[in-house]
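To start, the structure under review is shown below, and the notes come after it.
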Amino acid sequence: MSDFGQRLWNDLVKDNDQIFLTLNGHFWPPGRTVLRNSAGNEVHAHITNYQDRYYGGSAMIRLYHFDLARGVIDVETFSPWLLAQRKLNVLAEQEILRSGPLDYFSVEIDFAKRFAGFAPVAEPKPRPAREMVIPGTVAYWRFDSRDLRDLSGHGNDLVASGTPSWTSEHHRSQPGHGSVFLDGAYFKTVPGAPLNKATFQRGYTIEAFFKLPADFNSSHAWGALLSRLGTGRDAGKTGDDPSEPVATLSLSDGHALQWATFPLNQNGISTAQDVCLMGAYTYDRKIDKTFYGWIGDVRIVDRPLAEREFMVRR
């Protein structure tokens, strides 16, 4: 192996298990060998240079036929340029088809076994909504259809403001295989929804699948995935900025999630009949910023969940 070849092996091939075959040139004569990478798997290395042969190689080409059913790669080497000639001398006739063991051969590979370490796993099927409604579920929404009902059955249905776009975009671990893209649109709970006055005195868990577009930037910061229309002032709070919403799950200017809330005091003061918003952040009870991106399944549970109970598939 040349110094350059050794460098390619060390810096590129050896630690990247998806590389199972390398085709190399410039040096002659042709050759082939099998190396072992860092994962202990075979890497077939072939030299396919014929410039030392008749007429500078006679435009020799090599074909690799991948037969997944048989588990082999059949290799042949020939010169289509010579095949097209009407008259050939003795030397040329010998170069039409290279039939030696370094030019005409088969490589046996168990493709499924060889690629098992990095082959994509089939995407899981959608999970029924009823399986996601675990004990304590207050609200559950998913956007694999245009149905904006609360699938927990508690009546925390949504209504749209603006024009959301329903898409098939989803995370492979997401229960519902769909999402809604928001760019100025948002949702709010219907008047009288139980969630509007929930206090969560036993604790809570909020889960949401979301994705940010490639062009998400600081101008989109502080859009909320989920928030409450009521303010800290409405809840009797005077500290910090009481015009902030009583609770909000937002994207900060660093593209990071931020959960901010005014906790209940010992007297249990809470906002009364304030709608909950999905995809919008409010300040002083006015829509201040909308979420930009995709939102998938969203679930609210009235207790802290153990990791094994999360919606994300393990």
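The values are calculated or read from the model by the stated rules, or taken from the named source; none is laboratory data. Please read these numbers as outputs of a predicted model, since none were measured by experiment. With ideal geometry, Cβ positions are generated from the backbone for all residues, glycine too; neighbour counts draw on all protein chains shown. Side chains are part of the model used for accessible areas, which takes the heavy atoms of the whole protein and leaves out ligands, DNA and RNA. Shrake-Rupley method; radii C 1.70, N 1.55, O 1.52, S 1.80 Å.
Just the residues that are over 19 Å from H44 (Cβ atoms) and either exposed (fewer than 11 other Cβ atoms within 10 Å of the Cβ) or polar (S, T, N, Q) (or both), please, taken from the stretch 84-116.
Let us first name the residues in the stretch 84-116 that are over 19 Å from H44 (Cβ atoms), namely 84-97, 99.
Hits for the stretch 84-116 are A84, Q85, R86, K87, N89, V90, Q94, S99.
Select from the stretch 27-66 the residues that are assigned to a strand (DSSP E or B) and in contact (Cβ under 8 Å) with a residue 60 or more places away in the chain and list them in ascending order. Full working, then the answer.
If we filter the stretch 27-66 for residues that are assigned to a strand (DSSP E or B), which is where we start, we get 31-36, 42-47, 61-66.
Within the stretch 27-66, G31, R32, E42, H44 qualify.
Scanning the stretch 117-151 for residues that are under 20 Å from A306 (Cβ atoms) and β-branched (V, I, T), which turns out least open to solvent (accessible area, probe 1.4 Å)?
Here the answer is T137.
Please give the strands (runs of 3 or more DSSP E) falling wholly within the stretch 137-233 in which 1 or more residues are in contact with a Pro (Cβ under 8 Å, 6 or more places away or on another chain).
Values: elements: 137-141, 158-161, 165-167, 179-183, 186-189, 205-211, 224-228.
Because the criterion is at least 1 residues that are in contact with a Pro (Cβ under 8 Å, 6 or more places away or on another chain), the strands (runs of 3 or more DSSP E) in the stretch 137-233 that meet it are 137-141, 179-183, 186-189, 205-211, 224-228.
Report every pair of residues separated by at least 6 positions or lying on different chains whose Cβ atoms are under 7 Å apart, first residue within the stretch 298-309 and exposed (fewer than 14 other Cβ atoms within 10 Å of the Cβ), second part of a strand (DSSP E or B).
Pairs that qualify, where the first residue is exposed (fewer than 14 other Cβ atoms within 10 Å of the Cβ) and the partner is part of a strand (DSSP E or B), are P304/T205.
Identify all residues within the stretch 200-227 that are open to solvent by 60 Å² or more (accessible area, probe 1.4 Å) and in contact with a strand residue (DSSP E or B) (Cβ under 7 Å, 6 or more places away or on another chain); write none if there are none.
At the first step, the residues of the stretch 200-227 found to be open to solvent by 60 Å² or more (accessible area, probe 1.4 Å) are 201-202, 204, 210-211, 214-215, 217-219, 222.
Matches in the stretch 200-227: Y204, F210, K211, W222.
Tell me whether the stretch 41-54 contains one or more residues that are exposed (fewer than 12 other Cβ atoms within 10 Å of the Cβ), at pLDDT 90 or above, closer than 27 Å to D110 by Cα and of a type in the set (A, V, I, L, M, F, W, C).
Looking through the stretch 41-54, none of the residues is exposed (fewer than 12 other Cβ atoms within 10 Å of the Cβ), at pLDDT 90 or above, closer than 27 Å to D110 by Cα and of a type in the set (A, V, I, L, M, F, W, C).
Just to verify a result, which residue in the stretch 67-83, among those that are assigned to a loop (DSSP other than H, G, I, E, B) and open to solvent by less than 70 Å² (accessible area, probe 1.4 Å), is farthest from I109 (Cα to Cα)?
We begin by selecting, within the stretch 67-83, every residue assigned to a loop (DSSP other than H, G, I, E, B); these are 68-71, 79.
Those left that are additionally open to solvent by less than 70 Å² (accessible area, probe 1.4 Å): 71, 79.
Working: G71: 5, S79: 27 Å.
My answer is S79.
For the stretch 9-40, give me each residue that is among the acidic types (D, E) and surrounded by 13 or more Cβ atoms within 10 Å (Cβ to Cβ). Quick ask: steps written out before the conclusion?
Here is the first cut: in the stretch 9-40, the residues among the acidic types (D, E) are 11, 15, 17.
D17, the sole residue that qualifies.
Regarding the stretch 245-252, can at least one residue be identified that is touching a residue at least 60 places away in the same chain (Cβ under 8 Å), among the aliphatic types (A, V, I, L, M) and surrounded by 12 or more Cβ atoms within 10 Å (Cβ to Cβ)? Working first, answer last.
Our first condition is that a residue be touching a residue at least 60 places away in the same chain (Cβ under 8 Å); within the stretch 245-252, this holds for none.
The answer is no, given that none of the residues of the stretch 245-252 is touching a residue at least 60 places away in the same chain (Cβ under 8 Å), among the aliphatic types (A, V, I, L, M) and surrounded by 12 or more Cβ atoms within 10 Å (Cβ to Cβ).
With (1) touching a Cys at 6+ places or on another chain (Cβ under 8 Å); (2) within 15 Å of T290 (Cβ to Cβ) as the list, and R228 as the residue in question, which single condition is left unmet?
All conditions are met except number (2).
Go through (1) part of a loop (DSSP other than H, G, I, E, B); (2) open to solvent by 60 Å² or more (accessible area, probe 1.4 Å); (3) modelled with pLDDT under 90 one by one and return the number of the condition Q6 breaks.
It fails just one condition, (1).
Tell me which of these D157 doesn't satisfy, since it passes every other one: (1) in contact with a strand residue (DSSP E or B) (Cβ under 6 Å, 6 or more places away or on another chain); (2) among the acidic types (D, E); (3) surrounded by 13 or more Cβ atoms within 10 Å (Cβ to Cβ).
Just one mismatch for D157, condition (1).
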